[in-house]
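Worksheet: one structure, shown below.
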Amino acid sequence: MFKRLLTLLVSVILAISFVLNGTVYADTLNLKSKSAILIEANTGQILYEKDSHNPLPPASVTKVMTLLLAIEAIDSGKIKITDKVVTSKHAFDMGGTQIYLEVGEEMTVDDLMKAIAMNSANDASVALAEYIAGTEENFVEMMNKRAKELGAKNTTFKNATGLPEEGHLTSVYDIAMISRELVKHESIFKYLTNKLDSLRNGKFSLINTNKLLWRYKGADGIKTGSTSEALYCMAATAKRGDTRLIAVVFGAPDSETRFSEAAKLLDYGFANYESVKVASKGQSFGNVKVFKGKKQAVSVVCRDDEYILIKKGEGKNIKTEVELKNAVLAPLAKEVPIGTVKITQDGKIIKTFNIYPQEVVEKANFFENLNKVFIGWLRYQ
C-alpha cells in the first residue's frame, strides 16, 4: 500500500514538473515528431512545446511564409487576384509537386494562390514570388526580412518552395509565429479551407493536402510538407468559438502521424483552454479633452480585438479598469496612446493594452482658438 501511494505521489510530482506557467513541455503528450508546438493565436501564448526552437528543414511548410507575403501584397493592393502572371523558365524548372506550368503560360494570381495553398505547387510558388518581387532571390530576401520582423530567430529561407537546399531551416516556433500572422488575414481562408477545386477550366484537379479539413472539427488551415530530409511536417489551425489554436509539427515519421499528432495538440488545447474577448476593435472607452485643437474632445478607442486566454472553468471575477489622460494637447496623432486598459482577475493584472484617439485632431489656428474663447465667454453670460 505504501509503495502504491509513493508511486502515485512521484507521478503527480512529475506531472506538475512538466507544467510551468500554463505551458506543457516535451513528452507529456508522447509525440513522435522531432519538434512540436501549440499556441493560442489571439494571444500568442505557448500551450505546449517540444524542442520548439530547434532549426529543422520545413519542406513545403515554407509556403506559409510564401502565402503570407502574397496575401499581404493582395490585401495592400500591390497586386490583384485577377492579375495574370506569365510563367518564367525558372518557375517551369521547379521539381517536386507542380501544376505543370509551361513557359509563357498565363495564370491568375487567384489560381496560383489555390495551387500553392491546396496542391503545394512549387512552380506556382516561384511564379507568384517572381511576380511580387521580380526574382525568387528578391522574394527570399523579403521572406527572411519578414520572418525577423515576426520574431523568428532560427529561420533562414533559401527558396520560396521548401525544396531541399543546404541551410534552408526554420523552427516550429518560428512557423507558429508566421502562421499566427497569416491567419490574421481573413481573405486567406478562401484558399486554406478549399478542399476541392480545379484549374485550366476544370482540366487540372486540385485536392487539398490537409486531411484535417475533412476530419477535425473547426480545422481551416494551414499547410503540409514532406521531403526525405524533413520527413513529414505540418502547420495546422482550428477555431472553435473565439478560440483559435495553431499546432506545428516537424519531423513526423509518416504522414498519418503528422495529422494525428497535430490533432492531438489541438485536442489538448481545446480541452483545457479558451479565449475570451475583452475588447473589440473600434470600441470606445470614453472621451479625452483636447487643448488647442480643432475639436475639443476625442473618443478613445481600441485599435484591435483584444483577448485573454484562460483555463477552462476559471473565467470568473474578470474586470476591466480604464485609465485615461485628463487632457491632451493638439496636434494629436492616432498612433499616440492616450489611455490604458487593465484586465484583472481576482485583483491580479492579467493583461494590459493601450487605447488610442479615434481620429486625428489638428491644431487650431489663432482665429479658431479665439472663436472658442468667445463662445465660451458667451455661455457664461
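Could you identify the single residue in Lys342, Lys363 that is over 25 Å from Arg240 (Cα atoms), at pLDDT 95 or above and surrounded by 14 or more Cβ atoms within 10 Å (Cβ to Cβ)?
Working: Lys363 fails: at pLDDT 95 or above.
Result of the check over Lys342, Lys363: Lys342.
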> If you check every pair at least six apart or on different chains, which have Cβ atoms under 8 Å apart with a residue in the stretch 105-119 that is among the acidic types (Asp, Glu) first and a residue that is assigned to a strand (DSSP E or B) second?
Replying inline: Glu105/Val86; Glu106/Lys84; Glu106/Val85; Glu106/Val86; Asp111/Leu199
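Every residue in the stretch 227-247 that is open to solvent by less than 60 Å² (accessible area, probe 1.4 Å), assigned to a strand (DSSP E or B) and either more than 14 Å from Glu186 (Cα to Cα) or not small (Gly, Ala, Ser) (or both), please.
Of everything in the stretch 227-247, those that are open to solvent by less than 60 Å² (accessible area, probe 1.4 Å), assigned to a strand (DSSP E or B) and either more than 14 Å from Glu186 (Cα to Cα) or not small (Gly, Ala, Ser) (or both) turn out to be Thr227, Leu231, Cys233, Met234, Ala235, Ala236, Thr237, Thr243, Arg244, Leu245, Ile246, Ala247.
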> What pairs come up if the first residue lies in the stretch 172-185 and is farther than 19 Å from Ser52 by Cα and assigned by the TED database to the domain that holds Ile39, the second is in a helix (DSSP H, G or I) and among the charged types (D, E, K, R), and their beta carbons are under 8 Å apart, counting only those six or more places apart or on different chains?
Replying inline: His185/Glu72; His185/Asp75
>> What are the pairs with Cβ atoms under 6 angstrom where one residue, in the stretch 144-155, is open to solvent by less than 40 Å² (accessible area, probe 1.4 Å) and the other, located anywhere, is assigned to a helix (DSSP H, G or I) and of a type outside the set (Asp, Glu)? Sequence gap at least six, or different chains.
In response: Leu150/Met177; Leu150/Ile178; Gly151/Met177; Ala152/Met177; Thr155/Ala147
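If you check Ala160, Ala219, Ala147, which single one turns out to be touching a helix residue (DSSP H, G or I) at 6+ places or on another chain (Cβ under 6 Å), modelled with pLDDT of 95 or more and over 21 Å from Ile99 (Cα atoms)? Walk me through it before giving the result.
Working: Ala160 fails: over 21 Å from Ile99 (Cα atoms); Ala147 fails: touching a helix residue (DSSP H, G or I) at 6+ places or on another chain (Cβ under 6 Å).
Of Ala160, Ala219, Ala147, the one residue that is touching a helix residue (DSSP H, G or I) at 6+ places or on another chain (Cβ under 6 Å), modelled with pLDDT of 95 or more and over 21 Å from Ile99 (Cα atoms) is Ala219.
Every residue in the stretch 99-156 that is in a loop (DSSP other than H, G, I, E, B) and either of a type in the set (A, V, I, L, M) or not assigned by the TED database to the domain that holds Asp83 (or both), please.
Kept after step one, since they are in a loop (DSSP other than H, G, I, E, B), are these residues of the stretch 99-156: 99-105, 120-121, 134-135, 150-155.
Of everything in the stretch 99-156, those that are in a loop (DSSP other than H, G, I, E, B) and either of a type in the set (A, V, I, L, M) or not assigned by the TED database to the domain that holds Asp83 (or both) turn out to be Ile99, Leu101, Val103, Ala121, Leu150, Ala152.
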>> If Gly286 satisfies all but one of (1) modelled with pLDDT under 95; (2) on the phi > 0 side of the Ramachandran plot; (3) not in a loop (DSSP other than H, G, I, E, B), what's the number of the condition it fails?
In response: (1)
> Restricting attention to the stretch 290-333, which residues are surrounded by fewer than 14 Cβ atoms within 10 Å (Cβ to Cβ), of a type outside the set (Ser, Thr, Tyr) and within 29 Å of Glu40 (Cβ to Cβ)?
Replying inline: Asp304, Lys311, Lys312, Gly313, Glu314, Gly315, Lys316, Asn317, Lys319, Glu321, Val322, Glu323
>> For a quick check of your reading of the model, give me the residue pairs whose first member lies in the stretch 217-229 and is within 16 Å of Gly162 (Cβ to Cβ) and among the β-branched types (Val, Ile, Thr), whose second is assigned to a strand (DSSP E or B) and at pLDDT 95 or above, with beta-carbon atoms closer than 6 Å and at least 6 apart or on different chains.
In response: Ile222/Ala235; Ile222/Thr237; Thr224/Met234
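Any residue that is within 25 Å of Asn122 (Cβ to Cβ) and basic (Lys, Arg) - is there at least one of those in the stretch 242-265?
Filtering the stretch 242-265 for residues within 25 Å of Asn122 (Cβ to Cβ) gives 246-259, 262.
Now narrow it down to the ones that are basic (Lys, Arg): 258.
Scanning the stretch 242-265, I find at least one residue that is within 25 Å of Asn122 (Cβ to Cβ) and basic (Lys, Arg), so the answer is yes.
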>> Ser275 - would you say it is open to solvent by less than 30 Å² (accessible area, probe 1.4 Å), over 21 Å from Val172 (Cα atoms) and not in a helix (DSSP H, G or I)?
In response: yes
>> Suppose the filter is open to solvent by less than 20 Å² (accessible area, probe 1.4 Å) and within 19 Å of Met234 (Cα to Cα); does Ile99 pass it?
In response: no
>> Among the residues that make up the stretch 222-240, is at least one of them more than 30 Å from Pro55 (Cβ to Cβ) and in the same structural domain as Ser179 (by the TED database)?
In response: yes
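Kindly provide the set of residues from the stretch 130-177 that are of a type in the set (Asp, Glu), within 16 Å of the chain's Cα centre (by Cα) and more than 17 Å from Phe250 (Cβ to Cβ), ordered by number.
Listed by number, the list holds a single entry, Glu149.
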> Do you know which residues across the stretch 208-226 are open to solvent by 30 Å² or more (accessible area, probe 1.4 Å) and among the polar types (S, T, N, Q)?
Replying inline: Thr209, Ser226
> Does Ser33 qualify as being in contact with a Gly (Cβ under 8 Å, 6 or more places away or on another chain), among the small types (Gly, Ala, Ser), in a loop (DSSP other than H, G, I, E, B) and in contact (Cβ under 8 Å) with a residue 24 or more places away in the chain?
Replying inline: yes
>> Filter the stretch 169-207 down to the residues that are open to solvent by 10 Å² or more (accessible area, probe 1.4 Å), under 30 Å from Leu56 (Cβ atoms) and not in a helix (DSSP H, G or I) and list them by number.
In response: Leu169, Val183, Lys184, His185, Thr193, Asn194, Lys195, Ile207
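The values are calculated or read from the model by the stated rules, or taken from the named source; none is laboratory data. What you see is a predicted model; the values in this text were computed from it and never measured. In this analysis, Cβ positions are derived from the backbone assuming ideal geometry, glycine residues included, and neighbour counts consider all displayed protein chains. Note: areas computed on protein heavy atoms with side chains; ligands, DNA, RNA excluded. Shrake-Rupley method; radii C 1.70, N 1.55, O 1.52, S 1.80 Å.
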